[in-house]
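Peer 1: Following this message is one structure expressed as structure tokens.
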Amino acid sequence: MHPALGLLLPLLLTATAGASDSAPLVAGVFSPPRLAPDFALAGSNGSELKLKSYHGKVVVLAFGFTSCPDVCPITLATLAQARKKLGAEGDAVQVVYVTVDPERDDAGRMRAYLAAFDPTFIGGTGTAAQLEAVRSEYGIIATRHASGGSYVYAHSSFTYLIDREGKLRALMPYGHTADDYVHDLRILMAK
């Protein structure tokens with residue numbers, strides 16, 4: 001078994017446990033919620049990126065890479081659509097997108113890429129070792145594969161929903177709609 005898979009399985013089992021809150025989330029719920037592991041990465045906004053900087057907001061944490069041909073742009077477009085549907089409420093939501101490709105994804109490239117979806121999205125990058133440590137904390141698998149004269153990553157495609165107190169509240173699998181995100185984000189913003 002891949003070491004990261006060993007970390008991922010308990011997270012997935014926990015995430016699918018029933019919710020104890022009165023309003024059910026669409027996403028798989030962490031029960032009980034626990035603090036999201038913090039990290040310090042280079043932010044696409046030119047500042048150090050730390051999750052604790054966003055306490056008071058609901059954070060959607062996603063992992064991917066700017067050269068991703070399909071899953072990442074779909075996820076980011078869905079998150080941008082959800083944020084737009086929230087209107088002014090969207091100011092209480094921060095999307096954080098951590099790269100799995102430190103070789104190509106520097107802060108400038110991530111800033112330009114994310115701005116095409118929503119200029120408020122913040123990207124995180126760093127050294128291969130820094131990013132591996134973050135992926136390990138979150139049970140994210142990212143495997144590099146040759147593709148033509150370049151490469152791509154096969155990687156975990158779910159997103160984490162982190163509440164205003166910095167606690168992991170839910171795990172949203174790939175493929176959910178903007179409306180599903182809006183539903184869950186509104187519940188988390190109300191807490």
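The values are calculated or read from the model by the stated rules, or taken from the named source; none is laboratory data. Computed from a prediction, not measured in an experiment: that's the story for all the values here. Ideal geometry is used to build each Cβ from the backbone, glycine not excepted, and the neighbour counts take in all protein chains shown.
Peer 1: Can you name the helices (runs of 4 or more DSSP H) wholly within region 68-161 that have at least 2 residues being of a type in the set (S, T, N, Q) and in contact (Cβ under 8 Å) with a residue 40 or more places away in the chain?
Peer 2: Passing ranges, in order: 71-86, 128-138.
Peer 1: Follow-up question, since we're still on this one. If we keep just the residues of region 124-177 that are of a type in the set (Asp, Glu) and more than 16 Å from residue 64 (Cα to Cα), which is surrounded by the most Cβ atoms within 10 Å (Cβ to Cβ)?
Peer 2: For region 124-177, the residue satisfying everything is 163.
Peer 1: Keeping to region 28-85, report how many residues are at pLDDT below 95 and either in contact with a Pro (Cβ under 7 Å, 6 or more places away or on another chain) or among the acidic types (Asp, Glu) (or both).
Peer 2: Within region 28-85, residues that are at pLDDT below 95 and either in contact with a Pro (Cβ under 7 Å, 6 or more places away or on another chain) or among the acidic types (Asp, Glu) (or both) number 1.
Peer 1: Taking residue 118 and the conditions (1) surrounded by 15 or more Cβ atoms within 10 Å (Cβ to Cβ); (2) in contact with a helix residue (DSSP H, G or I) (Cβ under 8 Å, 6 or more places away or on another chain); (3) under 22 Å from residue 36 (Cα atoms), which numbered condition does it fall short on, given that it satisfies the others?
Peer 2: Tallying (1) surrounded by 15 or more Cβ atoms within 10 Å (Cβ to Cβ); (2) in contact with a helix residue (DSSP H, G or I) (Cβ under 8 Å, 6 or more places away or on another chain); (3) under 22 Å from residue 36 (Cα atoms), residue 118 fails exactly one: (3).
Peer 1: Which numbered condition in (1) within 20 Å of residue 181 (Cα to Cα); (2) among the aromatic types (Phe, Trp, Tyr); (3) out of contact with any Pro (no Cβ under 7 Å at 6 or more places or on another chain) is the only one that residue 151 fails?
Peer 2: (1)
Peer 1: If you scan region 122-165, which residues turn out to be in contact with a strand residue (DSSP E or B) (Cβ under 8 Å, 6 or more places away or on another chain), closer than 24 Å to residue 59 by Cα and of a type in the set (S, T, N, Q)?
Peer 2: 125, 130, 156, 157, 159 - these are the residues of region 122-165 that are in contact with a strand residue (DSSP E or B) (Cβ under 8 Å, 6 or more places away or on another chain), closer than 24 Å to residue 59 by Cα and of a type in the set (S, T, N, Q).
Peer 1: Filtering region 28-67 down to residues that are of a type in the set (S, T, N, Q) and touching a residue at least 60 places away in the same chain (Cβ under 8 Å), which residue is farthest from residue 112 (Cα to Cα)?
Peer 2: The qualifying residue farthest from residue 112 (Cα to Cα) is 67.
Peer 1: Regarding residue 39, is this residue assigned to a loop (DSSP other than H, G, I, E, B), surrounded by 17 or more Cβ atoms within 10 Å (Cβ to Cβ), in contact with a strand residue (DSSP E or B) (Cβ under 8 Å, 6 or more places away or on another chain) and aromatic (Phe, Trp, Tyr)? Spell out the reasoning first.
Peer 2: Values: assigned to a loop (DSSP other than H, G, I, E, B): yes; surrounded by 17 or more Cβ atoms within 10 Å (Cβ to Cβ): yes; in contact with a strand residue (DSSP E or B) (Cβ under 8 Å, 6 or more places away or on another chain): yes; aromatic (Phe, Trp, Tyr): yes.
Yes; evaluated as a whole, the condition is true for this residue.
Peer 1: Checking the condition closer than 20 Å to residue 41 by Cα and over 15 Å from the mean Cα position of the chain (by Cα), which residue from 92, 88, 115 passes?
Peer 2: Values: 92 fails: closer than 20 Å to residue 41 by Cα; 88 fails: closer than 20 Å to residue 41 by Cα.
Sole residue among the options that is closer than 20 Å to residue 41 by Cα and over 15 Å from the mean Cα position of the chain (by Cα): 115.
Peer 1: Being closer than 17 Å to residue 125 by Cβ and touching a Gly at 6+ places or on another chain (Cβ under 6 Å) is the filter here, so list the residues in region 24-42 that pass it.
Peer 2: Once the filter is applied, which keeps residues that are closer than 17 Å to residue 125 by Cβ and touching a Gly at 6+ places or on another chain (Cβ under 6 Å), region 24-42 yields 41, 42.
Peer 1: Every residue in region 92-109 that is under 12 Å from residue 62 (Cβ atoms) and of a type in the set (A, V, I, L, M), please.
Peer 2: The answer is 95, 96, 98, 100.
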